[in-house]
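The values are calculated or read from the model by the stated rules, or taken from the named source; none is laboratory data. In this text, all values refer to a predicted model and were calculated from it rather than measured experimentally. FYI the Cβ positions are ideal-geometry reconstructions off the backbone, even for glycines, and counts take in every protein chain you see. Side chains are part of the model used for accessible areas, which takes the heavy atoms of the whole protein and leaves out ligands, DNA and RNA. Shrake-Rupley method; radii C 1.70, N 1.55, O 1.52, S 1.80 Å.
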Amino acid sequence: MSLGTLYATQQIRSLPAKALVKHFNLDVKISDKDAAYEKNFPLNKIPAFIGPKGFTLTEVIAICLYFINLGDPKSKLLGKNAAEYAQILKWTSLANTELLPTEAKVFKPLNGTLPYNKKQIDEGSAYLEKVNGVFEQRLSNYTYLVGERITFADILAATLYVRGFDFLFGEQWRKQHPGITRWYKTIIKSPILVEFLGDYKFIEKPIEYVPPKKEKKEKAPAAAPAKKEASAAKAADEEPAPAAAPKPKHPLEALGKPKAPLDEWKRTYSNEETREVAIPWFWKNQYDPEEWSLWKVDYKYNDELTLTFMSNNLIGGFFNRLSASTKYMFGCMVVYGENNNNGITGAFLVRGQDYAPAFDVAPDWESYEFTKLDASKDEDKKFFDNMLAWDEPVVVNGEKREISDGKVFK
């Protein structure tokens, strides 16, 4: 008999619950949100659990404790006595209520999920450092958060630290926090988490805010210079100017110029009817599978999105950070769904056969998942066409979701 259903997504709080199901080999189905979820969890909280006879749970700590007791009622993950169990609850509560929300307060305005607010970021960063100080003090003297062996406190806290290491804790921060860094590397390699986080890649520098591009105003034509000024300018022009430092080449420059550069396609897409003219033109004149590849791009953390306009701002920030690759790709990304229940997906045409050289110019590119599309498959071709046209719903997990907004990278 099944023990129940765990509703879990890419939201980071889902990770420890999923890991414990796997670790204890529990007969628990892991599912996306469905009708049963909507009926039982009006607050839309993730993770959530439905067990036998209508038993329900929310809150990640409660769900994880339940799974540990199902898997091994005498598990050492819960400590060896009442004092250790209380310490485990202390550290898990601290990580869940103080660490993760404060990390989000800092990185979400930086990656575009929330409107940029420097005061909020500065205040959040200061408080986050206080929270980190509590963890660092413990972990600079002890291997684990509680006792002398790994406990549930380590499992939960390490997973909630993931967002900090994803966006904020670069190389310099890690040198300044050796205790947390050593502990984090140890816990993500533990048997419970290694399958999910074992190949974790650390960032070199924290994410930085990139303001939206301002529209350039056309300058009025300058008045004709006086003859004397013209002579002086001519003389100045004749003096050798200091050599400018060569700009570093984009890695895709090595592929050479394609037979069909993107300029004409971008003009066609901008000026012609999408379905009637632009899309047929693209397949006839632009797309050459030997020179270009097609990619589906999905935001990994849709459950952390709130208002649709904020999700669209996140796309805009991502596109701004991709500006160094403008010559090498074209794409569209859309927001589907409604406020507090939306997601981001899109499609890109990329020079060459690998997406990484084009996208890794953006510090937050690893927040997205990349899936190669095959234009010979009707389903993939239809998806790419719809990302250009935005006139049909997006199909997500078999459900049609209306497109509410989007942006074009060109």
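Applied to the stretch 336-353, the Karplus parametrisation 6.51 cos²θ - 1.76 cosθ + 1.60 on θ = phi - 60° returns per-residue 3J(HN,Hα) values of 10, x, 10, 3, 6, 7, 9, x, 10, 8, x, 9, 10, 9, 10, 5, x, 10 Hz, with x for Gly and Pro. Packing here is the average count of other Cβ atoms within 10 Å per residue, and on that basis the peptides 364-373, 62-71, highest first, run 62-71, 364-373. Net charge of the neighbourhood of LEU252, taken over other residues with C-beta under 10 Å away and scored Lys/Arg +1, Asp/Glu -1, is +1. Solvent-accessible surface of the chain, taken per residue with a 1.4 Å probe and all protein chains present: 54 Å². Taking packing as the residue-averaged number of other Cβ atoms within 10 angstrom, the listed peptides 254-262, 294-302 run from highest to lowest as 294-302, 254-262. For the stretch 138-195 versus the stretch 57-98, the spacing of their alpha-carbon centroids is 17 Å. Evaluating 6.51 cos²θ - 1.76 cosθ + 1.60 at θ = phi - 60° for every residue in the stretch 197-208, the Karplus couplings come out as 10, x, 9, 4, 10, 7, 7, 7, 10, x, 5, 10 Hz, glycine and proline recorded as x. Pairs spanning more than 24 Å between alpha-carbon atoms, out of LYS18/LYS189; LYS201/LYS407; LYS284/LYS377; LYS205/LYS266: LYS201/LYS407; LYS205/LYS266. Seen against the Cα atoms of the chain and their longest principal axis, helix 227-238 is set at about 60 degrees. A cut-off of 5 Å between modelled amide H atoms, ignoring neighbours fewer than 5 places along the same chain, links ILE30 with LEU6. Give the residue from GLY337, GLN11, ILE188 lying farthest towards the positive end of the charge dipole for the chain; charges sit on Cβ (+1 for Lys and Arg, -1 for Asp and Glu) and the dipole is referred to the Cα centre. Farthest towards the positive pole: ILE188. Using every pair of separate Cα atoms, the Kirkwood estimate puts the hydrodynamic radius of the stretch 259-409 at 15.6 angstrom. Over the chain, the ratio between the Cα radius of gyration and 2.2 N^0.38 Å evaluates to 1.19.
For the chain, a simple Cβ point-charge model (Lys and Arg +1, Asp and Glu -1, everything else neutral) yields a dipole of about 900 debye relative to the Cα centre. Highest GNM mean-square fluctuation among GLN176, GLN87, GLN353, for the chain modelled with Cα contacts below 10 Å: GLN176. Scan around PHE409 for amide H atoms under 5 Å from its own, H built in the peptide plane at 1.01 Å from N, and keep only partners 5 or more places away or cross-chain. Counting only residues 5 or more places away or on other chains, the set is GLY331, CYS332, MET333. Comparing PRO211, PRO52, PRO357 in a Gaussian network model of the chain (Cα springs below 10 Å), the most mobile by mean-square fluctuation is PRO52.
Close amide H pairs (under 5 Å, H built 1.01 Å from N) link THR9 with SER14, residues at least 5 positions away or on another chain.
Overall, the accessible surface of the chain at a probe of 1.4 angstrom is composed of carbon and sulfur to the extent of 52 percent. Rounded to the nearest Hz, the phi-derived 3J(HN,Hα) couplings of the stretch 95-101 under the Karplus curve 6.51 cos²θ - 1.76 cosθ + 1.60 (θ = phi - 60°) are 5, 6, 9, 10, 6, 4, x, where x marks glycine and proline. Against the chain, whose longest principal axis is taken from its Cα atoms, helix 262-271 shows a tilt of about 90°.
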